[in-house]
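Below: one structure, written as structure tokens.
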Amino acid sequence: MARKGSKPPKDLKKPRGKKCHFVKFFGTEDHAWIKVEQLKPYHAHKEEMIKINKGKRFQQAVDAVEDFLKKAKGKEQNSEGKGDSKGKKTPNKPLKILEEDDEDLSALKDPSEKDLTDSDPEPSAIERLGAGPGSGFKWESSPASSMEPISKRLKIIEEDTGSTSIQAADSTAINGSITPTDKRIGFLGLGLMGSGIVSNLLKMGHVVTVWNRTAEKCDLFIQEGARLGRTPAEVASTCDITFSCVSDPKAARDLVLGPSGVLQGIRPGKCYVEMSTVDPETITELSQVITLRGGRFLEAPVAGSQQLSNDGMLVIVAAGDRTVYEDCSSCFQAMGKTSFFLGEAGNAARMMLILNMVQGSFMATIAEGLTLAQATGQSQQTFLDILCQGQMASTFVDQKCQNILQGNFKPDYYLKHIQKDLRLAISMGDMANHPTPMAAAANEVYKRAKALDQSDNDISAVYRAYIH
């Protein structure tokens with residue numbers, strides 16, 4: 001929900017070829033250019049939108065609107081009581097939810113609506129996200145952060161620990177609001193995750209050069225407007241920011257250090273973003289060699305699946321050079337719903353391995369429960385129905401269990417990759433002298449599944465380790 005506010009910042013240019021209006025969003029200091037057809041008057045559509053959007057952040061926006069109206073009404077009543085020197089009363093001014101530019105907004109208004117004056121009260125600043133008691137998240141209040149281009153109604157927030165995240169609002173993302181960076185983007189690796197990421201970068205107007213070890217995978221993206229890079233070195237030398245997303249630590253090292261690798265194309269100021277899920281030691285090595293050549297390094301592994309990648313709803317966990325993280329803002333907004341910055345290089349690798357360790361162990365436990373239900377004469381479907389009505393209910397559980405019951409193991413996240421992540425997480429635990437017995441047990445089940453030729457199937461194919 002948008003409101004009248006200041007003029008757009010100079011660095012946030014209006015999209016070409018589209019009839020748009022600059023708006024600021026209630027409940028935040030976020031702002032964006034939004035296409036005319038995507039805007040609706042508040043009063044006429046309030047009840048409809050409340051029914052559709054159940055999230056806390058949307059409710060915060062509604063509360064901010066109502067607070068705005070209440071203050072405006074109070075001000076009008078005071079004005080009516082006092083009058084002016086000529087005995088006139090201030091006319092009643094309904095809420096206007098759009099920021100005007102030089103174009104006519106009459107088509108978007110209710111006939112009875114009139115403009116609010118610049119002196120009308122703004123909603124009070126929100127100091128905390130409604131994430132529950134004790135939440136460590138706060139709105140950034142500096143002028144610099146509030147003036148950054150925001151898309152997908154993203155929110156810049158900062159934890160007490162100093163880590164930063166960019167989060168999408170509960171409402172549906174509006175693709176037209178993303179202002180793509182003018183930097184040239186390179187992307188290496190068009191697998192399950194990389195393909196969806198590149199597709200969304202292109203859709204949002206980024207200039208992208210692609211490379212893949214199997215060149216045929218580039219063809220579809222060339223048709224969508226991407227440029228073709230002949231080698232990783234060429235991509236890194238011709239692009240301002242080069243992303244990579246490959247299968248494992250060896251592939252990540254080879255891509256940078258191998259013949260015609262990224263390192264040969266790095267020059268002072270060039271940015272390299274490693275999106276592969278690898279161990280912290282690999283990240284440290286890559287960060288060092290890139291920065292020694294004058295480059296800037298960021299790690300940004302992603303949590304999600306092929307479907308979430310295609311939908312532009314990944315979670316990006318980044319660490320390293322903070323300025324690169326900021327330069328990647330529009331890219332992260334195009335490919336994900338949320339991104340977090342965790343400080344020095346290596347922290348994102350550690351966090352991602354922990355997340356995938358939990359996911360892999362959980363998936364193995366679900367598979368174990370399904371097979372135990374069958375072994376004891378219980379209905380697997382009933383098990384799933386009960387599970388999905390309890391505290392562990394989630395889209396992940398429902399989809400994976402349904403796929404198992406249907407015998408559908410088409411990969412959304414490769415089983416071989418989750419086993420790799422479990423192995424790396426166990427090794428990380430050993431180095432920290434921290435026990436990981438649950439992960440170790442799950443790892444053995446995935447190793448058995450791999451021995452049963454399930455490596456290139458979905459992680460849910462771990463189920464087959466229990467029935468053979």
So, by mean Cβ neighbours within 10 angstrom, what's the order for 199-205, 184-190 with the highest one leading? 184-190, 199-205
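Could you sort out which of 337/400; 70/337; 250/447; 270/416; 183/416 sit more than 25 Å apart by Cα distance in this structure?
On the way: 337/400 22 Å; 70/337 33 Å; 250/447 19 Å; 270/416 33 Å; 183/416 35 Å.
Too far apart for the 25 Å limit: 70/337; 270/416; 183/416.
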Given a 1.4 Å probe and every protein chain left where it sits, what share in percent of the accessible area of the stretch 266-397 is carbon and sulfur? 56
When the Cα centres of the stretch 192-213 and the stretch 243-311 are compared, how far apart do they sit, in Å? 16
Tell me, how many Å apart are the Cα centres for the stretch 436-468 and for the stretch 177-191? 35
Mean Cβ-within-10 Å packing, highest first, puts peptides 452-458, 297-303 in the order 297-303, 452-458
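Could you check how much of the accessible area of the stretch 429-468 is carbon and sulfur, as a whole percent, using a 1.4 Å probe? Walk me through the intermediate numbers first.
Details: 1220 of 2270 Å².
Roughly 54 percent of what the probe reaches on the stretch 429-468 is carbon or sulfur.
The values are calculated or read from the model by the stated rules, or taken from the named source; none is laboratory data. In this text, all values refer to a predicted model and were calculated from it rather than measured experimentally. All Cβ positions, glycine included, derive from the backbone under ideal geometry; neighbour counts span all protein chains shown. What goes into the accessible areas is simple: the full protein's heavy atoms, side chains included, and nothing from ligands, DNA or RNA. Shrake-Rupley method; radii C 1.70, N 1.55, O 1.52, S 1.80 Å.
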